[in-house]
Amino acid sequence: MEKIKKRFISEIFYSILSLSSIILLILGWMYLASKRPELFPSPQETWDRLILFLEKPIRRIPLYSHVLDSLRRVGIAVLLACGFGIVLGTALGWSRLVKSTFGTIFELIRPIPPIAWVPLLTIWFGIGEFPKVLLVFIGTFAIVVVNTAAGVKMVEPLSLAVGKIFQANEFQMLKEIVLPASLPAIFAGIRTALGVGWAIVLAAEMLGAVSGTGFLITKGMSIGDTALIFICMFIIGIIGALLSVLASFIERRICPWKTDR
Amino acid sequence: MSVENRQVKLKIENINKTYQVKKSYFTAVKNVSLEVYKNEFLVILGPGLCGKTVLLNMIAGIEQPTNGKVYLDGEKIRGTHKSIGMVFQKLGLLPWKTVMENTEIGPKLAGVKKSERQKKAKNFLDMVGLTGFEKSYPHQLSGGMKQRVGIARAYTNNPDILILDEPFGQLDAQTRYSMQDEILRIWQMQKKTIIFVTNNIEEAIYLGDRIILLGKCPAEIKKIYDISLSRPRNVMDSGFLELRKMISSNMDLAV
């Protein structure tokens with residue numbers, strides 16, 4: 001009884017602690033805003049700007065459409081990256097032949113940061129939808145491939161022995177043993193890919209776009225609208241966190257045997 | 001089993017396994033030849049780390065011998081064979097499959113229809129006492145239950161020969177005793193040739209028709225014992241104790 005009471009008190013203590021850190025942050029924000037109003041919009045101003053935005057869209061595109069545009073670009077790119085990446089990753093991890101054929105080329109192209117592709121993609125494809133999706137694809141494909149290949153390589157030899165003793169052929173071995181065993185690694189890759197993809201799409205939109213969250217934040221910069229920039233940054237953070245939660249949710253649904261997370 | 005009725009099911013001829021570790025060689029199994037009779041309960045007894053698992057893996061076809069041959073019903077075999085099943089020391093249940101999915105994997109890979117293979121699997125799951133656990137995942141089961149799934153899985157594939165690699169080594173003593181009775185009961189219900197590996201003398205005498213005693217590394221056959229005690233055996237029986245004394249004096253208890 002005494003113990004439970006103690007636990008309860010410490011729970012309250014820690015809740016208050018985390019709440020007060022948030023309050024402190026907002027107080028600091030308000031302080032900075034009062035000192036340098038031209039650099040820091042106050043919380044009140046930021047809120048008013050959000051309301052204004054909701055009432056009067058920028059470029060006649062409502063806020064949620066800007067967000068959805070960015071999300072759509074990431075979604076298509078990551079979906080394609082998963083489709084191709086899981087196939088190539090499995091092949092690289094499983095087959096010596098594929099690894100010797102494509103492994104080196106892949107290792108040479110992989111370290112090029114996605115942003116370094118921007119000039120070429122712009123010259124080749126302009127600033128439409130396609131180069132943006134392609135840029136996110138380039139940045140996320142490698143992540144899925146590397147994680148999948150690592151997962152395939154790390155399948156327990158004992159699980160492979162089980163496949164062998166029951167006379168699995170190559171295809172059955174992949175379908176029944178190798179791929180399910182690699183699913184947690186593949187999902188780790190997809191989660192990272194979503195996060196990185198979200199970052200890349202913002203970069204792509206900041207460099208040239210007529211819609212999207214990245215466009216909004218650059219717009220805020222060009223007209224000196226710090227409140228708009230703040231709003232965008234909040235939204236970007238919240239969406240990023242939601243994507244991570246979504247990935248975990250899907251992973252739990254698809255890998256019900258993984259209970260340790 | 002009387003000596004006259006013995007019919008050779010599996011024959012291992014001069015099998016060897018040598019690994020290359022950097023620049024030196026390491027021999028795990030050296031010149032082992034043995035015959036396994038049809039429907040016998042053969043126990044291979046040897047100290048820990050003496051290459052028993054390597055020997056078994058070669059018999060099962062999971063590992064290739066450096067040299068030597070394995071004959072099944074007089075025919076030379078290479079690699080795994082559908083007539084040889086295995087219960088692994090470290091279980092080898094697939095964590096992403098339910099108990100039912102783990103158990104039915106043999107016939108599934110062989111292309112047997114779902115209803116048919118699930119009926120078979122259910123039959124053996126009932127036999128090992130796992131009725132009602134078909135939809136559980138391995139991580140939800142206790143050690144003894146997991147090992148039962150391993151046994152049901154091997155039986156569902158209906159092999160002629162079943163290899164059990166120290167199957168009860170990681171169980172607590174109580175569970176271990178009940179599993180020993182269980183495996184004997186199943187063996188008497190569904191006659192199969194069993195190769196049972198252990199490092200425990202008492203377990204060996206309790207279970208086996210014959211005991212093959214291995215020496216320390218590399219695995220080499222030291223002695224073969226015929227156990228003629230009638231079943232069910234009593235570990236406190238004078239015949240039992242005598243055998244136990246005799247075998248332990250010959251066993252290298254090096255671990």
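The simple spin-label model puts a point 7 Å past each Cα toward its Cβ; for residue B:235 and residue B:78 those points are separated by 4.5 nm. Where is the GNM fluctuation largest for chain B (alpha-carbon springs, 10 angstrom cutoff): B:229, B:213, B:55? Checking each option, the largest mean-square fluctuation is seen for B:229. Only helical runs count toward this figure. For the protein assembly as shown, summing -39,500 (n - 2.57) over DSSP H runs of n ≥ 4 and dividing by all residues gives -18500 deg cm²/dmol at 222 nm.
Centre-to-centre separation between the Cα atoms of region B:22-74 and those of region A:1-48: 68 Å. Divided by 2.2 N^0.38 Å, where N counts the residues, the Cα radius of gyration of region A:1-40 comes to 1.90.
Other residues lying with their Cβ under 12 Å from the Cβ of residue A:45 contribute a combined charge of -2, Lys and Arg counting +1, Asp and Glu -1.
Output the 0 to 90 degree angle, nearest 10, between the alpha-carbon long axis of helix A:43-55 and the longest principal axis computed from the alpha carbons of chain A. Helix A:43-55 sits roughly 70 degrees off the main axis of chain A. The phi torsions of region A:118-126, fed into the Karplus equation with coefficients 6.51, -1.76 and 1.60 and a -60° offset, translate into couplings of 3, x, 4, 4, 5, 4, 6, 10, x Hz, rounded to whole numbers, with Gly and Pro shown as x.
Geometric descriptor of the protein assembly as shown, per residue, is 248 Å³ (volume of the convex hull of the Cα atoms).
Neighbouring Cβ atoms within 10 Å as the yardstick, rank A:232, A:82 fewest first. Can you show the working numbers first?
Details: A:232 25, A:82 20.
If I rank by nearby Cβ atoms, fewest first, I get A:82, A:232.
Springs between Cα atoms under 10 Å define the GNM used for chain A, and in it the highest mean-square fluctuation of A:12, A:250, A:112 occurs at A:12. Remark: region A:16-30, residue by residue, has Karplus-estimated 3J(HN,Hα) of 4, 4, 6, 5, 5, 5, 5, 4, 4, 4, 5, 4, x, 4, 4 Hz, where x stands for each Gly or Pro and the curve is 6.51 cos²θ - 1.76 cosθ + 1.60 at θ = phi - 60°.
Bridge orientation summary for the protein assembly as shown: considering DSSP beta bridges with both residues in this region, about 55 percent are antiparallel. For the pair residue A:156 and residue A:222, label points projected 7 Å from Cα toward Cβ lie 5.7 nm apart.
Every number here is computed from the coordinates shown, using simple stated rules; none is lab data. Everything numeric here is computed off the predicted structure, so don't read it as measured data. Ideal geometry is used to build each Cβ from the backbone, glycine not excepted, and the neighbour counts take in all protein chains shown.
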